[in-house]
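Inspection log for the structure reproduced underneath, given as structure tokens.
The values are calculated or read from the model by the stated rules, or taken from the named source; none is laboratory data. Because the structure is predicted, anything quoted here is derived from the model rather than measured. Side chains are part of the model used for accessible areas, which takes the heavy atoms of the whole protein and leaves out ligands, DNA and RNA. Shrake-Rupley method; radii C 1.70, N 1.55, O 1.52, S 1.80 Å.
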Amino acid sequence: MRLLMIIVYLILILIGVSFAILNASSVSINLYVTTLTMPISILMIIMLGLGLIFGFVLSLCKYWRLKLEC
């Protein structure tokens, strides 16, 4: 089982590295006050992380509301 998990982790790492290599071109992000330039792969990872955090907070609020009703 441990060997299987190591293989799965290695595959995920390879997918992540290939994603970063394929999306290495830089994009400019205008934030009204300043402009940031970063690789598109980093931008996509940041947006994914923000979406996960936002979804977690929303589901946590719903959980608390349902728990208070009981």
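A few notes on this one:
- Translational D in µm²/s for the chain (Stokes-Einstein at 25 °C, 0.890 mPa s, Kirkwood Rh from C-alpha pairs): 159
- Share of carbon and sulfur in the accessible area of the chain stands at 77%, probe radius 1.4 Å.
- Accessible surface computed residue by residue for the chain, with neighbouring protein chains in place and a 1.4 Å probe, gives 92 Å² per residue.
- For Ser41, solvent-accessible area (1.4 Å; no DNA, RNA or ligand), Å²: 10
- Computed per residue of the chain from DSSP H runs no shorter than four, each worth -39500 (n - 2.57), the mean residue ellipticity at 222 nm is -26000 deg cm²/dmol.
- The chain: relative contact order as a whole-number percent, Cα under 8 Å and 6+ apart: 19
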